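Inspection log for the structure reproduced underneath, given as structure tokens.
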Amino acid sequence: LQPLDIQAIRRDFPLLSRVFHGKPVVYLDSAVSGQMPLPVIERMSHYEREEHTNVHRGVSTLSQEATDRYEEAREKVRGFLGAASTREIVWTRGTTEALNLVAQSFGRMVVQEGDEILLSAMEHHANIVPWQMLAQEKGATIKVIPMNDAGELILDGLDELITARTKVLGLVHVSNVLGTINPVKEIIARAHAKGVPVVVDGAQAVPHLAVDVRDLDADFYAFSGHKLSGPTGIGVLYGKLAHLEAMPPWQGGGSMIRSVSWEKTTYMPAPGKFEAGTPPIAAAIGLGAALDYVQALGLDRIAAHEHELLAYATAKLSALPGLRVIGNAKEKASVLSFVVDGIHPHDMGSLLDGEGVVVRAGHHCAQPVMTRFCIPATTRASFAYFNTREEVDILVSAIQKAIELFK
Ligand code: PMP
């Protein structure tokens, strides 16, 4: 593989030249939100300056043009995920909205009283709470696939955990806290063997690995634009067409209907019936441009670069006194959570901030993961394709400085 030209890439990210507290910024927080490269920002700006209107409305050239650009972005997402048809690509506000859509439309349809919803022990709240709300409404129960101390799912008992009452399995592809890459293809095959559909939270997977929803045989796959070099306010729900066709609409309003009368309303076919109201058009077009950008860099080259940074950072951090890496799975994407004896993760986060290093400290919207590891929070560094070894070195010396301070 030809390595990425990181210095050229970095010129596409004006934020990387900022200075905080007199120090050049080191952005190690792409798991919270990725940065957008200039071509994405410029594409959105071009839309807003010269192409802005609404979509799927009217006969004007302007509206037709905007609709074409918006639908072209949907086609880019289809290609990116390897889906069979654009009819399987639903625009949402993000992963959270996509997962709520599945729980409230598909979930309400298939889950009844006494049924079970199976989730993994490392889910983000976005793939827990919508299912709890549904379970409460229906009188269903949530069951959990456990994990080991390395942060890997324990799959020995999976076939017993999936019972005749299991109606859906929700699974994170890559953990936002532990970095674990779950063997989703295998888990999906085992769930399907028992007739159970699988909803995959791909928020942290798509920025780091090539995903093919047909190869995985996922029933649903959700992700957010802003973690994939795109803007906030846009996300995607992939769903197998047969599911989307069987599902009732979720939100009602304009655009999602075929005809409305006081007696009877009929709906658009999927994906239209799930897309009520005016969508974030510039954001969808921006996400399309982001997919072009990362695909031009090459997902394999991105993965190789990030993997190298992760290995380098893991070795360096593990050697620091009192530091413990949380999440030591064999298969990991570029997320590195850690705790240090005697230093609260929030204090660590603030001290790193003082050195210009942007990380996240907290429970990362995955409180059950904190409970599982008996820790209140972690400090998390996450790497993207524009990060460098020199930035990892700055992170390491900033942590060293904090350890010295707390001695
Ligand atoms: N799932 C995972 C694994 C995540 O990391 C995130 C973002 N922190 C989400 C879901 C929710 O994504 P969003 O806030 O963009 O809806």
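Every read-out reported here was derived from the displayed coordinates using simple, explicitly stated rules and does not represent laboratory data. Note that the structure is predicted; figures quoted are calculated from it, not measured. Note that each Cβ is placed from the backbone with ideal geometry, even for glycine, and that neighbours are counted across all protein chains shown.
With q set to 0.17, 0.18, 0.25 Å⁻¹, the log10 of I(q)/I(0) for segment 332-389, from the Debye formula over equal scatterers at the Cα positions, is -0.58, -0.64, -1.08. Just how far, in whole angstrom, is segment 324-345 from segment 239-255 if you go by their alpha carbon centroids? Each part's Cα centre sits 40 Å from the other's.
Quick one: compute a quarter of the convex hull surface over the Cα atoms of segment 201-292 and quote it in nm². Could the numbers behind the result be given before it?
Values: hull surface 26.5 nm².
Average of the hull's projected areas for segment 201-292 equals 6.6 nm².
Note on K407: lysines with a C-alpha under 23 Å away, same-chain residues under 8 apart excluded, are K316. Separation of segment 269-311 and segment 59-99, taken as the distance between their Cα centroids, equals 11 angstrom.
With 27 Å as the limit, the listed pairs K167/K240; K185/K332; K185/K273; K167/K227; K143/K273 have K185/K273; K167/K227; K143/K273 beyond it between alpha carbons.
Near the amide H of T166, within less than 5 Å, lie the amide hydrogens of E116, all on another chain or at least 5 residues away, with H placed in the peptide plane. For segment 13-49 versus segment 359-406, the inter-centroid distance based on Cα atoms is 21 Å. What translational diffusion coefficient, to the nearest whole µm²/s, does segment 259-407 have by Stokes-Einstein, given a Kirkwood radius computed over alpha-carbon pairs, a temperature of 10 °C and 1.306 mPa s viscosity? Estimated via Stokes-Einstein, D reaches 86 µm²/s. Taking amide H as placed 1.01 Å from N in the peptide plane, V172 has its amide H under 5 Å from the amide H of S120, D201, each at least 5 places away in sequence or on another chain. Dividing the alpha-carbon radius of gyration of the chain by the rule-of-thumb value 2.2 N^0.38 Å gives 1.01.
With a 10 Å radius around each residue's Cβ, average the other Cβ atoms per peptide and rank 244-251, 201-208, highest first. Please list the in-between numbers first.
Values: 244-251: 16.8, 201-208: 27.5.
Highest-to-lowest ranking by the protection proxy: 201-208, 244-251.
Pairs of C-alpha atoms in segment 38-79 farther apart than 15 Å represent 46 percent of all such pairs.
Helix-only arithmetic for the chain: the sum of -39500 (n - 2.57) across DSSP H runs with n ≥ 4, divided by the residue total, places the mean residue ellipticity at 222 nm at -11000 deg cm²/dmol.
Projecting the Cα positions of S33, V77, H21 onto the charge dipole of segment 18-166 (unit charges on Cβ atoms of Lys, Arg, Asp and Glu, taken about the Cα centre) puts H21 furthest along the positive direction. Taken along its principal axes, the alpha carbon cloud of segment 19-111 reaches lengths of 53, 45, 23 Å, longest axis first. The share of alpha-carbon pairs in segment 1-68 lying farther apart than 17 Å comes to 62%. At the listed q of 0.10, 0.11, 0.15 Å⁻¹, the Debye profile of segment 53-179, built from one uniform point per Cα, gives log10 I(q)/I(0) equal to -0.46, -0.54, -0.83.
Over all Cα atoms in segment 135-233, the spread is summed up by Rg and Dmax: 14.3, 41 Å.
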